[in-house]
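To start, the structure under review is shown below, and the notes come after it.
Just so you know, all these numbers are worked out from the coordinates, no wet-lab data involved. Just so we're clear, the structure is a prediction, and the values are computed from it rather than from any experiment. Every residue, glycine among them, receives a Cβ derived from its backbone with ideal geometry; neighbour counts consider all protein chains shown.
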Amino acid sequence: MKVLITAGPTIESIDPVRYLTNRSSGKMGYALAAAAAKRGHSVLLISGPTSLEIPEGVDFIPIENAAEMYQAVASQISRHDLAIFTAAVADYTPSKIAEQKLKKAEDEMTLTLKRTKDILGSAREAMNFEGILVGFAAETENLLENARSKCLKKRCNLIVANDVSRSDIGFDSSENEVTLVYPDHSETLPQDSKENLALHLIEIIEGI
Ligand code: CTP
């Protein structure tokens, strides 16, 4: 299969030296890219800045912000059979980027933000993607309910959900426990290393 994977955070500039970002190490996306390549798939990884090495045999497009990730995905997705969206894309970006470094003044300051485009949510309609679509959902409450509604709204075949209120898994951790949420049922996988989980997930997705 030809597999497209988004990973890492996006960074949204405020001024020449500051930015907004999301807490994401990129580990899960990179582990999935490595696992898919290992199983003989052709893999394109589109990633925001991380400290990780690009897995061997994987094509790579680096991006910085949400708009660049949208453009990269929109131009590439139609060539792929499977798209997995693990990136922690900023939902909001500064309405304008200051050309010069902002100087401190008052005790409080207000930053005006605007919505970014939902890349996963655009895959079916705006990008006409007909392949297998897998999203990720990081939840702190009502995991199943929230993930199921994302799965249906974004017309995914599967949402891989994890509980980010737990400090022992997710985010920077090397282990994760995920619940697979399909349009009509769900299943929790045992806690495991992100590498093992990635291999397991690729095998499960091959089955779809
Ligand atoms: N995603 C995306 N583009 C965005 C935002 C999210 O592709 N602009 C993808 C993520 O890669 C992930 C999924 O959508 O696969 C996460 O869903 P989302 O609804 O954005 O999660 P939250 O931001 O946590 O949503 P909410 O604020 O509704 O909880």
Using a Förster distance of 25 Å, the FRET efficiency for Leu144-Arg115 (Cβ separation, nearest 0.05): 0.45
Crossing angle, helix 194-207 versus the chain [Cα axis fit, 0-90 degrees, rounded to tens]: 60
Region 95-208 - share of DSSP beta bridges that are antiparallel (%, nearest 5): 55
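In deg cm²/dmol and to the nearest 500, what is the mean residue ellipticity at 222 nm of the chain if only DSSP H runs of at least 4 residues count, each as -39500 (n - 2.57), divided by the residue total? If you can, show how the numbers build up before the last one.
Details: 5 runs with 52 residues, N = 208.
Mean residue ellipticity, 222 nm, calculated: -7500 deg cm²/dmol.
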Distance histogram for the chain (every C-alpha pair counted, 10 angstrom bins, percent rounded to whole numbers): 9, 34, 37, 15, 5, 1
Listed pairs Lys2/Lys154; Lys27/Lys154; Lys27/Lys104; Lys2/Lys96; Lys2/Lys117 exceeding 29 Å between Cα atoms: Lys27/Lys104; Lys2/Lys96
Positive-pole candidate from Met1, Asn157, Ser13, dipole of the chain, charges at beta carbon: Ser13
Tilt relative to the chain, helix 66-76 - C-alpha long axis, 0 to 90 degrees, to 10: 40
Fraction of beta bridges assigned by DSSP in the chain that are antiparallel (%, nearest 5): 40
Contact order normalised by residue count of region 1-145, Cα under 8 Å, 6+ apart, percent: 29
Fluctuation leader among Glu68, Glu177, Glu106 - the chain, Gaussian network, Cα springs under 10 angstrom: Glu106
Gaussian network model of the chain, Cα within-10 Å springs - most flexible of Met69, Met109, Met127: Met109
Two-site FRET efficiency, Glu53 against Glu187, from Cβ-Cβ distance with R₀ of 35 Å, rounded to 0.05: 0.65
Computed label-point distance, nm, for sites Ala74 and Lys101 using a 7 Å Cα→Cβ extension: 3.4
